[in-house]
Amino acid sequence: MNLTDLYDAILNGKLDRAVAVTNEAISEGVLPNEIITNYMIKAMEEIGNRFEAGKVFVPNLLMSARAMKGALDLLKPLLQGETDAYVGKIVIGTVKGDLHDIGKNLVASMFEGCGFEVVNLGVDVSSEKFVEAARTYNADIICMSALLTTTMNYMKVVVDDLKTAGLYGKVKVMVGGAPINEAFAHSIGADAYTSNANAAVIMAKKLIGAA
Ligand code: B1M
């Protein structure tokens, strides 16, 4: 089994091949995090670069996303942390106008595997939905994901609406996604930014005093 085959399968949008290689890797005991970080995410970065360079088009992104999701589904049950104990409640979603959900779902799976109860609101989530869910589920943390520079600013709308609803400070706010960084998170009043799913779990535990 050669894991670069998985990289190639995702890059070329070959779902069946991606699933087959992932199954082999699992049976050979390769750690899920290694498969995800070193091969799957790298392939998505490369297809993104090729798209930006005009060498591939939206259908190619869709095919790669489909292959990535199929392979990731096999790994999700294995993303188990060191504890099964309940840690806290998280509401997560991709912000309004944005349909990218692979990273957000990976973060959600890591949270679930590490003892968080997760309410996943999906993609294209309005501020009203975030605020309502925070209240309805009595969430400890709201996690927002954005992959587009045109949608990232919507995170501030959600933070402002949390303020209006009297929830700001009561529910913590975490943000992430490729165009987001620490300075942006700070500027909109979010409590934390993390660059990846592992760091998100560590940060979430810290924010609610469970670290
Ligand atoms: Co689009 N897309 N896309 N896309 N897409 C990007 C984001 C882009 C960078 C590609 C490029 O040009 N290089 C570019 C954005 C440019 C910009 O804004 N500056 C782009 C564009 C332009 C577009 C469209 C506008 C294209 C078009 O239609 N002309 C369009 C927009 C649609 C919309 O949302 N309204 C579009 C559409 C799509 C598809 C639907 C085809 C597909 C998404 C399928 C899906 O998600 N179901 C797609 C894809 C696949 C990509 C790339 C290639 C891959 C994204 C991905 O899944 N990465 C992407 C290029 C890239 O990112 N390099 C690109 C893998 C994933 C595991 O990483 O999501 O970054 P990521 O998540 C990471 C971290 O960011 C972090 O943890 C994750 C795991 O470590 N993280 C969090 C994410 N969310 C977090 C939340 C947290 C914490 C951490 O909470 C606290």
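Using alpha carbons only, how many degrees (0 to 90, rounded to 10) separate the axis of helix 127-136 from the longest principal axis of the chain?
It works out to around 70 degrees.
Modelling each spin label as a point 7 Å along the Cα-to-Cβ direction, I'd like the VAL157/ASN12 distance in nm, to one decimal.
Here the modelled spin labels are 4.1 nm apart.
Report, ordered by chain and residue number, the aspartates and glutamates lying within cross-link reach of LYS55, taken as a straight Cα distance under 19 Å and ignoring same-chain residues fewer than 8 apart.
Partners found: ASP8, GLU45, GLU46.
Compute the distance in nm between two label points, each set 7 Å from the Cα along the Cα-to-Cβ direction, one at ARG50 and one at LYS69.
It is 2.0 nm.
Stokes-Einstein D for the stretch 37-171 at 37 °C, 0.692 mPa s, Kirkwood Rh over Cα pairs, in µm²/s?
My calculation gives 204 µm²/s for D.
For the stretch 152-211, max minus min Cα coordinate along each principal axis, in Å, sorted largest first?
For the stretch 152-211, the Cα spread along each principal axis is 31, 27, 14 Å.
No lab work stands behind these numbers, since they all come straight from the coordinates. Note that the coordinates shown come from a computational prediction; the quantities given were computed from them, not determined experimentally. Cβ: placed from backbone, ideal geometry, glycine included. Neighbour counts: every protein chain shown.
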